[in-house]
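Read through the structure below, which is laid out as structure tokens, and then see the notes.
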């Protein structure tokens, strides 16, 4: 069993909550923690015919703009690069429609931002 830091355990719990939340709203899970040297995508889901790349962020406090604000331009670039790698590996040159969502937790409250960027 791998030991996790409190931050890693909190992040994993937030991913579980986000997954359950999105499944309740009709999305279907495809993959979790898709990673390469380019970056990591927390959740890959299906919403109808669209593939949804989900970034999960959790903050116990809203200092510095909160969880959603922490997905800045550099993080968005890493997510886009990893999504392109995933799409090329799994779909070749025939990509499905896709979007990037953010599930931001501020304490117990979730904010699902569809088409975040």
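Observations
- Filtering segment 30-45 to residues that are closer than 18 Å to residue 91 by Cβ, surrounded by 15 or more Cβ atoms within 10 Å (Cβ to Cβ) and at pLDDT 95 or above leaves 30, 34, 41, 43, 44, 45.
- Residues in segment 1-12 that are without any contact (Cβ under 8 Å) to a residue 12 or more places away in the chain and either surrounded by 12 or more Cβ atoms within 10 Å (Cβ to Cβ) or closer than 22 Å to residue 84 by Cα (or both): 12 alone.
- Check on residue 82, surrounded by 14 or more Cβ atoms within 10 Å (Cβ to Cβ) and in a strand (DSSP E or B): no
- Search result, residues across segment 87-117 that are more than 12 Å from residue 52 (Cα to Cα) and assigned to a helix (DSSP H, G or I): 88, 89, 90, 91
- Residue match in segment 57-68 (condition: within 20 Å of residue 23 (Cβ to Cβ) and touching a strand residue (DSSP E or B) at 6+ places or on another chain (Cβ under 8 Å)): yes
- Residue 54 being out of contact with any helix residue (DSSP H, G or I) (no Cβ under 8 Å at 6 or more places or on another chain), assigned to a strand (DSSP E or B), modelled with pLDDT of 95 or more and surrounded by 15 or more Cβ atoms within 10 Å (Cβ to Cβ): no
Okay, residues lined up against (1) surrounded by 13 or more Cβ atoms within 10 Å (Cβ to Cβ); (2) within 21 Å of residue 111 (Cα to Cα); (3) modelled with pLDDT of 95 or more:
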| position | (1), (2), (3) |
| --- | --- |
| 28 | no, yes, yes |
| 58 | yes, yes, no |
| 68 | yes, yes, no |
| 76 | yes, yes, yes |
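The values are calculated or read from the model by the stated rules, or taken from the named source; none is laboratory data. Note that the structure is a prediction, hence the values are computed from the model and not measured. Note that we place each Cβ from the backbone using ideal geometry, even for glycine, and neighbour counts take in every protein chain shown.
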